[in-house]
Amino acid sequence: MQAVRLDTRLPRLPFALAAAYGAVLYGIGTVTTNAIYDGMLGVMLGLYLCSIPAKTIMDVLFADRFAAQRFWSNRPVLAMQGLTLVVGTLVIFAGMVCLMRA
């Protein structure tokens, strides 16, 4: 059985896209001049961000029986996964607000 290697890196590109989406949405008020497209873009970006911790959890649960102990005892990785989940949820919320505005 192959051992799971926990990804300790912060997903930089999705975070940069989420920050750019939030900055443009807050500064200008629209990304694509259409609220429906803005909302769809935000929801899809947020779902992608939330899928990163979900992938890690699935790897921990099903790939290696000892990986769960390493995952839950490694606080920086756990904090990074939690931060990714919170940012993804905020981006989904911003996208839903855009969709409700349309």
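The values are calculated or read from the model by the stated rules, or taken from the named source; none is laboratory data. Computed from a predicted model, the values in this text were never measured in an experiment. Ideal geometry is used to build each Cβ from the backbone, glycine not excepted, and the neighbour counts take in all protein chains shown. Surface areas here come from the heavy atoms of the whole protein model, side chains and all, with no ligands, DNA or RNA. Shrake-Rupley method; radii C 1.70, N 1.55, O 1.52, S 1.80 Å.
Observations on the structure shown:
- The number of residues in segment 69-81 being open to solvent by less than 30 Å² (accessible area, probe 1.4 Å) and of a type outside the set (Phe, Trp, Tyr) comes to 3.
- Looking only at residues in segment 31-68 that are under 15 Å from the mean Cα position of the chain (by Cα) and of a type outside the set (A, V, I, L, M), the one that is surrounded by the most Cβ atoms within 10 Å (Cβ to Cβ) is Gly42.
- Screening Gly39 against (1) in contact with a Lys or Arg (Cβ under 9 Å, 6 or more places away or on another chain); (2) modelled with pLDDT under 85 leaves a single unmet condition, (2).
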